[in-house]
Structures are given as C-alpha cells and as structure tokens.
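Data block below; observations after.
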Number of protein chains: 2
Amino acid sequence: MAVKKIRTKDKHIVSLAALVSGPGNILYQKEDLIAYDCDGFTIHKHLPKAVVFPKNTEEVAAVVKYCSMNNLPFLARGAGTGLSGGAIPINDEVIISLVKMKKLISVDLENRRAVVEPGFVNLKLTNSIADKGYYYAPDPSSQYCCTIGGNVAENAGGAHCLKYGVTTNHILGLQVVLPNGDITEIGNNGIPDTPGYDLLGLLTGSEGTLGIVTKITVRILKNPEAKQTVLAYFDRVEDGSAAVSDIISAGIVPAALEMMDKTAIEGVEAAAFPVGHPKDIETVLLIEVDGISAGIEDQIAQILAVCTKWNVREVKAAQSEAERARWWANRKTGFGAMGAISPDYLVQDGVIPRSKLPEVLEKINAISRDSGLRIANIFHAGDGNLHPLVLFDSRIPGQTELALEAGSACLQVCADAGGTITGEHGVGIEKREEMRFVFTDEEIAAQTDIRAVFNPENLLNAGKLFPSPGRCAEVKKEMKEMKTAGV
Amino acid sequence: MAVKKIRTKDKHIVSLAALVSGPGNILYQKEDLIAYDCDGFTIHKHLPKAVVFPKNTEEVAAVVKYCSMNNLPFLARGAGTGLSGGAIPINDEVIISLVKMKKLISVDLENRRAVVEPGFVNLKLTNSIADKGYYYAPDPSSQYCCTIGGNVAENAGGAHCLKYGVTTNHILGLQVVLPNGDITEIGNNGIPDTPGYDLLGLLTGSEGTLGIVTKITVRILKNPEAKQTVLAYFDRVEDGSAAVSDIISAGIVPAALEMMDKTAIEGVEAAAFPVGHPKDIETVLLIEVDGISAGIEDQIAQILAVCTKWNVREVKAAQSEAERARWWANRKTGFGAMGAISPDYLVQDGVIPRSKLPEVLEKINAISRDSGLRIANIFHAGDGNLHPLVLFDSRIPGQTELALEAGSACLQVCADAGGTITGEHGVGIEKREEMRFVFTDEEIAAQTDIRAVFNPENLLNAGKLFPSPGRCAEVKKEMKEMKTAGV
C-alpha cells in the first residue's frame with residue numbers, strides 16, 4: 001500500500017496503526033470496511049471497527065494485548081471464505097487479518113512436514129512441493145484461495161477427507177497468540193500421543209474462539225503412486241446410495257466418494273465447467289481411488305461390480321489427467337454453480353450415518369416441497385456429509401427467512417437421524433441455535449467453561465459457536481464484582 | 001463372590017457397599033487391598049481406602065456422587081496394566097474398578113463400529129469379530145489383558161500405530177461419568193468434524209483426571225487382504241536406523257516397524273518365546289506391511305533393497321502365520337522378558353524425531369555407562385517411540401533411585417532432541433516432574449485450568465499428570481473462602 005496518513009482522531013485507531021508498522025496496514029474508513037462486513041456466510045453483515053494487517057507474530061501479539069487491555073473486541077480473519085459467519089464482526093470487532101502473514105517457512109521432506117504462516121493459501125502448499133512428489137491432503141473446495149490458518153480454525157474438510165481425514169489429522173504443531181497476548185507453542189511435531197491434554201485437537205476447529213494461530217506445522221504426504229477416477233450415473237437415488245454403502249462395506253476406502261443430485265447436476269452443467277452429465281439422471285457418483293498401481297485395477301473392478309449390482313445406467317473412467325481435473329472442477333465449483341440457476345443460495349452442512357442416506361434425502365425433498373424452495377444436494381457421500389443447497393431469491397420479501405428455516409429444518413433431520421449439524425463448515429453465527437439439536441445445556445456450559453480458560457473476558461470472537469456464556473466466566477465475573485464492591 | 005457381610009463400622013464403606021449392590025462388590029480389608037496398591041508402575045505403592053466393583057453406569061455415577069458429596073478422593077481402574085502409575089491411589093482413594101463392566105454391547109459392521117463397556121479386554125474385541133473379517137487396530141503389548149477403558153484413559157498405542165494411529169484415532173463416542181456424578185455422552189459416532197470443541201480428543205488420554213468412561217464406541221477395521229512380515233539383522237545400530245528412515249522416506253508406511261537392540265535381544269531370547277535371533281547382532285528390525293495383495297510384494301522388494309543398501313547381514317520373511325505370530329510374541333513380551341536377565345526393570349517411553357535415532361541411542365548408551373546400569377532398547381522405530389528399559393536390582397540399596405534417575409535422564413535426552421517424554425504410557429505419577437522438560441508453567445496452568453472445568457474439587461485422581469494445581473480451581477477456592485468469610 002502507498003504511504004498514508006491516519007485521518008482520524010480515534011485514539012485506538014492511531015495506537016493500532018502504530019502496532020502494525022503504520023497507516024498502510026490498517027483500514028478504518030467505512031468505504032474500506034465494507035469488504036469485511038461478512039465472510040462466505042453473506043446473510044448477516046456487520047462493519048468492523050477496523051481491520052489491521054500484522055506482518056508477524058509479534059505484531060499480532062501486540063494488537064491482541066492492546067485490545068485486551070482496552071476492552072476492544074477482536075477476531076482473526078483469513079481469506080474470508082468461511083461458510084458459517086465465524087469471521088463476521090458482530091460486536092464491532094477489530095479484525096486481525098492474517099493475509100500478509102503468508103510465507104511458506106520451511107519444508108522438511110525427511111520428517112514429512114512443512115511450516116507455514118496462517119495466511120498461506122492451502123493449494124499453494126501442494127503446488128510448492130508437487131515437483132518433489134508430495135502434497136498436503138485436506139482439500140476444501142475453496143482451496144485455491146482459502147488459507148491454512150482459516151482451515152485450522154474451522155477444522156476444514158474436503159472431498160478427499162474420506163480417506164485422508166480432516167485438517168485436525170494433518171496438524172502437528174501450532175504457534176498461538178492467546179487472548180491475553182501471550183505467545184505459546186502447542187503440539188509436538190507429529191508425535192502420536194503427547195503428554196498432557198490434547199490442546200492441539202482442542203484448538204483445531206475452535207473457530208477462532210480460543211486463540212489466534214500464527215504459525216502452523218502440517219503433515220505432508222507422498223503422492224499416491226497411481227489414482228483412477230470414475231463417474232457413475234444412477235436413475236434412482238436409492239441405487240446410488242446403496243452403491244455408496246456397498247463400496248465402503250466391501251472394504252474399499254476410496255480417496256473420494258462424492259454424490260450430486262439432479263438439481264445440483266443442473267447447476268454444475270449450467271456453470272463454468274460442464275462435463276456432459278446426462279440431463280435426466282437422478283444421481284451421479286464421482287469416485288476416486290488411489291494407492292499402489294498394482295492394487296488400483298482390482299479396486300476399480302470391485303467398484304464397477306457394485307455399481308452394476310445397483311442398476312448403474314452408465315459408468316466411465318477418466319481417460320486423462322486433464323479429464324480428471326475437469327471432473328473435479330465441475331464438482332468443486334458446485335456451490336458457486338448454483339448462481340447459474342438461482343439468484344441466491346444457502347449451503348448447509350449436515351452429517352448423517354451413511355446407511356440413512358435415502359431416508360434423509362427423502363425428508364429433505366419434503367422440506368423443499370413444503371417451503372416451495374428448490375434444494376440441490378452435493379455431498380461427500382462416503383462420510384455422510386451432506387450439503388443441501390437451498391435456492392432462493394433474497395429480493396422476494398420473506399424468502400431469506402424461509403431459506404434459513406428450510407436450512408435449519410435440514411439440520412434437524414440430520415440430527416434426528418443420529419447425525420449432526422456440521423461436518424466441515426463450522427457453527428459460527430449461522431448454527432448457534434442449532435447447537436441445541438445435539439448438545440444439552442450442561443454440555444454447552446462445559447464447552448464455554450473451556451473457552452473461559454483461554455478467553456476469560458470473551459473479547460476474542462464473542463457470540464460465535466455457542467448460544468450462551470460459560471459458568472467459569474460467570475464465577476470470575478461474580479468474584480470481580482465482589483472484589484470491586486470492596487471485599 | 002460369595003455372599004459376605006460388611007465387617008467394619010466405617011460408615012463410608014457401609015454406604016458404598018449399598019451403592020454397588022452389596023458387600024460382594026467391595027474390598028476394604030488390608031489383605032484384599034494390597035493387590036491394588038500399584039499398577040504396572042511398581043515403584044510407588046499406596047493402599048486405597050476401598051475398591052468397589054460397580055456393574056453399570058448408574059452404580060459408577062452413584063459412587064462418584066457419594067464420593068463427591070463426602071469429599072472422598074476416588075479414581076477409576078481397569079486391568080491395572082498402566083505403566084506410569086495412573087491408577088495408584090496416592091491419596092487413599094476409593095478405587096472404582098471397572099472389571100465387572102466387561103460386556104461387548106453391540107457390533108455394527110455396516111457402519112464399522114462396536115460399543116463396549118470399559119472393562120472389556122482389548123484383544124477380545126478383535127477375537128469377537130475376526131470371523132467376520134474385522135479387527136480393532138490399537139494393539140498395546142498388554143492387549144491380551146488390558147481393558148479398552150484403560151486404553152482410552154492413557155490413549156494407548158501399540159506396534160501397529162505407525163500406520164493405524166493410536167487409541168484416539170479409533171474412538172467415536174464415549175459415555176462419561178463426570179466428577180460430580182452426572183452422566184454425559186460425547187463424540188458423534190465417527191463424524192470427522194463435530195460442532196463445538198473436540199471433547200472426545202480432550203477426554204481420550206486425559207489419564208482418568210476429567211471423568212470416568214463407562215461406555216465406548218470404537219471404530220473397527222476390515223482385515224487387510226494380505227500381510228507380510230520380515231526380520232532384518234544389522235551389525236551396526238546406525239545402519240538399522242538409516243534403514244528405518246529410508247523405508248519411510250520411500251513412501252512406504254509399514255503397518256509396524258519395530259527395533260530391538262542387543263541387550264533387548266538377549267532378554268527376549270532368554271524368555272518364553274525365543275525365535276533364534278543371532279546372539280552377536282546389534283539391531284533387529286521387525287517390519288510388517290499390509291494391504292491389497294497385489295501391492296505387498298512390491299513393498300517388500302523395496303524394503304529389501306533399502307536393507308541391502310544399509311548393509312543388512314540377514315533378512316528373512318515369515319513363512320507361515322504361525323511363524324509371524326511367534327515373532328510378534330517374541331517382541332510383545334519384550335518388557336517382561338527383561339525379567340529373564342535382570343531382577344527389576346524400569347521402562348521408559350520417550351519419543352524423538354526418526355532422524356535423530358542414532359544420536360539419541362548413543363546418548364542413552366552414555367547414560368548406561370555413567371550409571372553403571374544396563375539399558376535395553378525396544379522401540380516403535382517407525383514413529384520414533386523409544387522404550388529404554390533400565391535394568392536394576394531393587395535389593396541393592398540405592399539402585400532403585402539410580403534407575404529412576406537414569407530413566408529421567410533418558411527422557412531429558414528425548415526432549416532435548418525435539419521429542420517428548422511419553423509416546424503411549426502416559427505421565428501418571430512417574431513423569432509428573434518431567435512434564436517441565438516440555439511445558440512451561442503457563443502451559444501447565446492452562447491444562448490444570450481445563451481440568452478444573454471438569455474436576456473443580458480435584459477429588460478425581462488428584463496428583464497425577466501435572467506437577468501443580470490449577471488457577472481456575474484456585475479462583476473458585478478463593479471465592480468459596482470469601483463467601484465462607486461472610487461476604
């Protein structure tokens with residue numbers, strides 16, 4: 001940014017600017033702040049007080065310490081691709097943007113790990129090590145722009161998490177700025193069981209409520225020797241679902257096992273990467289297996305046999321890496337593709353036991369019929385992670401509310417089926433009330449008590465993830481009041 | 001047990017007996033309690049106040065509630081095979097033994113899970129589902145007698161954790177009795193990313209300090225189609241270590257990759273399952289690969305090539321399942337085998353980066369020379385988890401202390417090499433002070449604060465895992481005192 005002068009008398013803005021090496025690294029005027037009023041969850045918007053762009057851990061710590069001492073709410077933001085509103089500044093927060101901390105610090109092939117700054121983009125890591133035959137496994141659909149820091153906050157998933165696990169399975173160590181500004185290191189570089197409590201697991205997926213991650217050690221994997229990808233088309237959803245269950249029961253763990261329904265297919269075929277899916281088909285499965293070359297053909301043969309058993313209409317294998325890449329682009333831009341067939345959409349993120357797929361899809365269809373809104377389904381079928389996409393038009397009065405209700409109803413169906421309300425997008429502000437579908441008051445209180453251990457004043461990303469404040473915080477508040485009262 | 005009468009006037013014993021369906025389910029006389037004065041860590045001994053044997057969750061909850069209301073310290077115990085003293089009643093605890101809660105509650109092959117009571121023995125699970133082609137992966141060496149509840153408490157590992165992960169990677173849900181007697185359920189049946197904080201990860205490996213697990217949902221796996229096991233003998237430790245690193249670097253993830261040194265070989269060959277290891281060899285590797293048949297031969301060929309590169313003296317593949325089983329028995333009874341060459345031994349459990357193996361082994365040799373005590377090394381080389389076995393004779397005054405010092409020095413070497421103080425045995429009472437090798441005071445305080453969320457009065461298994469009490473507990477205590485003082 002060009003050299004600028006601070007054009008405000010707000011003492012906090014002036015102080016914060018000084019903590020991040022000057023006015024070029026802070027935004028505070030309304031026209032600049034608008035871009036930060038929401039993240040990928042666009043239904044609620046709120047302006048932050050300011051946005052700062054620290055360039056290293058020490059600057060993050062200085063900003064956090066300043067906010068903490070001056071009672072200013074604050075939160076961290078990566079690329080802003082989160083889908084549950086975790087980075088929306090609902091309390092006029094100072095946003096700490098980590099996009100200038102985007103270095104690949106080191107790669108250690110011998111011990112299979114890399115160290116990155118939180119603003120480093122997910123896909124860049126794989127691109128940086130691909131020539132040496134390695135990659136970073138978690139692959140959210142936004143991987144071309146989302147940051148690894150954001151992935152840690154949300155415990156991001158992705159299509160290949162069926163075989164390779166979600167972000168938490170690939171994080172070996174974190175440097176964290178705690179809400180009081182202290183800097184700490186957790187994790188132990190890939191050691192399977194570390195002494196003490198599993199703080200690495202606790203921080204990963206805590207949606208920016210326990211601390212701000214400033215350095216991340218991740219596991220990197222050797223590229224599989226071979227992979228093969230097939231598309232399978234089914235005339236009945238039940239058949240496609242049964243094929244999913246049978247593939248897993250056969251002992252095959254595909255690298256990915258994705259499913260799209262008819263409405264979703266209409267969307268992706270109308271968007272940037274059509275691949276010629278039949279227009280009249282009810283269900284398509286995108287199945288990828290990887291591993292040692294010698295084993296791939298066997299697995300594909302088994303998968304074809306299962307598909308045949310379940311009345312597949314057509315099945316085809318990718319004939320080239322280019323074709324495979326195009327199939328994945330068709331799938332991975334699926335959410336955005338809904339823009340081609342609807343002015344607005346709301347994506348949900350329920351999880352169900354695989355065996356309940358047909359019954360849950362039927363209930364989601366019923367929600368669609370009742371609400372009068374179309375619902376497309378794109379999902380990670382292998383691990384039962386559904387993404388119902390509720391299509392609506394926010395210009396029609398009442399439709400936004402109707403879409404939110406329909407989305408919530410889909411999550412209730414998932415919870416009732418023995419599943420839960422989020423598989424990879426997080427709770428954020430979107431699903432705070434739906435937490436009650438799966439947790440009792442006591443269970444929520446236990447979690448907010450844990451938050452209070454790290455974040456006792458609740459200045460860091462307050463109002464996210466949980467419906468109500470914690471007991472430990474209340475104890476401390478009560479005690480403070482007693483002290484203030486002259487005890 | 002035969003019907004018995006309570007032969008004491010101690011009102012707590014009488015009350016506790018009533019809570020566990022009568023006097024047949026409680027021990028309280030000294031001669032009965034002696035068997036419970038230690039676990040697999042035999043260096044410290046302390047008698048419990050009593051041992052109760054509840055038969056279901058409700059009885060556990062009733063005992064916990066009683067202890068909590070009457071300020072009686074208490075702790076849970078499985079098979080008592082723990083190696084760090086986690087089940088030793090150092091505060092005159094009431095021991096809640098879970099050995100009568102040993103049912104296999106259900107097996108769900110379609111969704112790949114089983115539900116067990118905490119006293120269910122690890123190996124029995126695999127034995128119960130083997131005929132259907134499934135198994136339970138975590139395989140501590142004590143698996144023939146240790147319980148899955150104990151495995152959860154310690155986040156137990158095992159030889160096959162290199163490829164398949166430790167206990168925490170196989171736990172899908174827990175029923176837990178909290179320290180106040182409330183019963184809660186955590187986890188979400190195998191959903192990769194659950195909403196809220198990762199309490200399942202937090203409880204697993206918390207060494208019985210946060211709650212008592214009364215029901216466990218575990219992941220079960222399909223048996224690999226094929227496996228092959230080889231023994232490789234090296235004349236130099238450095239060559240064996242280099243082979244370990246090279247196998248992993250080649251992109252092979254063996255199911256297990258175990259190493260024993262000369263002293264360990266002497267022990268296992270003198271014990272129950274000798275397999276004819278050469279007497280003059282410095283290092284043996286036990287390497288197992290599993291997976292799809294078609295890929296196994298390729299991997300074995302690669303492993304042989306690596307061993308040849310590093311001057312292997314001899315390498316041989318198991319010719320039958322019986323031979324493979326015997327090799328594993330030789331390895332798995334390795335700790336006990338030390339009894340054949342030494343009156344006492346102390347097993348340690350350090351972890352180091354794989355690449356530091358030769359340098360760390362040399363430093364452990366130096367500790368052996370300095371202390372005058374022999375140290376055998378048996379370890380999970382693939383994931384850098386060392387088990388130095390310090391051989392001593394407790395009848396010689398001062399040798400126990402010398403062995404403890406040597407063990408601690410081994411852990412310091414591991415921590416200094418960028419590793420840590422436990423890989424699978426836990427901290428317990430044994431390594432409380434060594435926690436300071438890897439955590440600062442603040443980091444320990446953050447963890448004891450978390451303990452205080454679940455276990456505020458610290459009646460449950462106090463004095464384990466950490467050197468000092470937590471801040472949140474102190475805040476509450478301070479507040480209680482202020483209230484008592486009439487505020």
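State all residues of segment A:430-448 that are more than 10 Å from chain B (Cβ to nearest Cβ) and buried (at least 20 other Cβ atoms within 10 Å of the Cβ); if no residue qualifies, say none.
Correct list: A:Glu430 only.
Would a scan of segment B:229-238 turn up a residue that is closer than 25 Å to B:Gly382 by Cβ, in contact with an Asp or Glu (Cβ under 8 Å, 6 or more places away or on another chain) and within 14 Å of chain A (Cβ to nearest Cβ)?
no
Could you list, in sequence order, the residues of segment B:304-334 that are within 24 Å of B:Pro138 (Cβ to Cβ) and touching a helix residue (DSSP H, G or I) at 6+ places or on another chain (Cβ under 8 Å)?
B:Ala318, B:Asn330, B:Arg331, B:Thr333, B:Gly334
Exactly one condition in (1) more than 24 Å from A:Leu109 (Cβ to Cβ); (2) over 25 Å from the mean Cα position of the chain (by Cα) is false for B:Asn330; which is it?
Result: B:Asn330 passes all but (2).
Give A:Ala381, A:Ala340, A:Ala403 a once-over and let me know the one that is buried (at least 20 other Cβ atoms within 10 Å of the Cβ), at pLDDT below 95 and touching a helix residue (DSSP H, G or I) at 6+ places or on another chain (Cβ under 9 Å).
Just a single option satisfies the conditions, and that option is A:Ala381.
Give me the residue from segment B:243-268 that is among the small types (Gly, Ala, Ser) and under 15 Å from B:Phe379 (Cα atoms) and, out of that set, nearest to the other protein chains (Cβ to nearest Cβ). Spell out how you get there, then give the answer.
Kept after step one, since they are among the small types (Gly, Ala, Ser), are these residues of segment B:243-268: B:243, B:245, B:249-251, B:255-256, B:264, B:267.
Then keep just the ones that are under 15 Å from B:Phe379 (Cα atoms); that gives B:243, B:245, B:255-256, B:264, B:267.
Numbers: B:Ala243: 14, B:Ser245: 7, B:Ala255: 14, B:Ala256: 13, B:Ala264: 21, B:Gly267: 25 Å.
Per the stated criteria, the residue is B:Ser245.
If we scan segment A:49-64, do we find a residue that is under 20 Å from A:Leu178 (Cα atoms), in contact with a Cys (Cβ under 6 Å, 6 or more places away or on another chain) and not polar (S, T, N, Q)?
No, every residue in segment A:49-64 fails to be under 20 Å from A:Leu178 (Cα atoms), in contact with a Cys (Cβ under 6 Å, 6 or more places away or on another chain) and not polar (S, T, N, Q).
Within segment B:150-166, track down each residue that is of a type outside the set (Gly, Ala, Ser) and either within 9 Å of another protein chain (Cβ to nearest Cβ) or within 10 Å of B:Thr204 (Cα to Cα) (or both).
Listed by number, the residues that qualify are B:Asn151, B:Val152, B:Glu154, B:Asn155, B:Cys161, B:Leu162, B:Val166.
Counting just the residues of segment B:347-377 that are of a type in the set (Ser, Thr, Tyr) and touching an Asp or Glu at 6+ places or on another chain (Cβ under 8 Å), which one comes out modelled with the lowest pLDDT?
B:Ser355
Return only the number of the condition from (1) under 24 Å from A:Val20 (Cβ atoms); (2) buried (at least 21 other Cβ atoms within 10 Å of the Cβ); (3) of a type outside the set (Gly, Ala, Ser) that A:Leu162 does not satisfy.
(1)
Tell me, yes or no, whether segment B:282-289 has at least one residue that is touching a residue at least 40 places away in the same chain (Cβ under 8 Å), closer than 18 Å to B:Asn223 by Cα and within 14 Å of chain A (Cβ to nearest Cβ).
Yes, because at least one residue in segment B:282-289 is touching a residue at least 40 places away in the same chain (Cβ under 8 Å), closer than 18 Å to B:Asn223 by Cα and within 14 Å of chain A (Cβ to nearest Cβ).
Restricting attention to strands (runs of 3 or more DSSP E) lying wholly within segment A:85-154, give those where 3 or more residues are farther than 23 Å from A:Cys38 by Cβ, at pLDDT 95 or above and aliphatic (A, V, I, L, M).
Strands (runs of 3 or more DSSP E) meeting the threshold: A:104-108, A:113-116.
Would you be able to say whether some residue in segment A:314-324 is touching a residue at least 12 places away in the same chain (Cβ under 8 Å) and within 14 Å of chain B (Cβ to nearest Cβ)?
no
Out of all the residues in segment B:239-285, which are among the acidic types (Asp, Glu) and touching a strand residue (DSSP E or B) at 6+ places or on another chain (Cβ under 9 Å)?
B:Asp239, B:Glu258, B:Asp261, B:Glu266, B:Glu282
Does any residue in segment A:104-115 that is away from chain B (no Cβ under 14 Å) come within less than 7 Å, Cβ to Cβ, of a residue that is surrounded by fewer than 14 Cβ atoms within 10 Å (Cβ to Cβ) and not acidic (Asp, Glu) six or more places away or on a different chain, and which pairs are these?
From segment A:104-115, the pairs are A:Ala114/A:Ser106.
Just one of the numbered conditions (1) surrounded by fewer than 24 Cβ atoms within 10 Å (Cβ to Cβ); (2) under 27 Å from B:Asn155 (Cα atoms); (3) not basic (Lys, Arg); (4) not assigned by TED's automatic domain parsing to the domain that holds B:Pro274 is not true of B:Trp328; which one?
Looking at each condition in turn, B:Trp328 falls short on (4).
The values are calculated or read from the model by the stated rules, or taken from the named source; none is laboratory data. Since we're looking at a predicted model, the values are computed, not measured. When we count neighbours, we look across all protein chains shown, and the Cβ atoms used for this are built from the backbone with ideal geometry, even at glycine.
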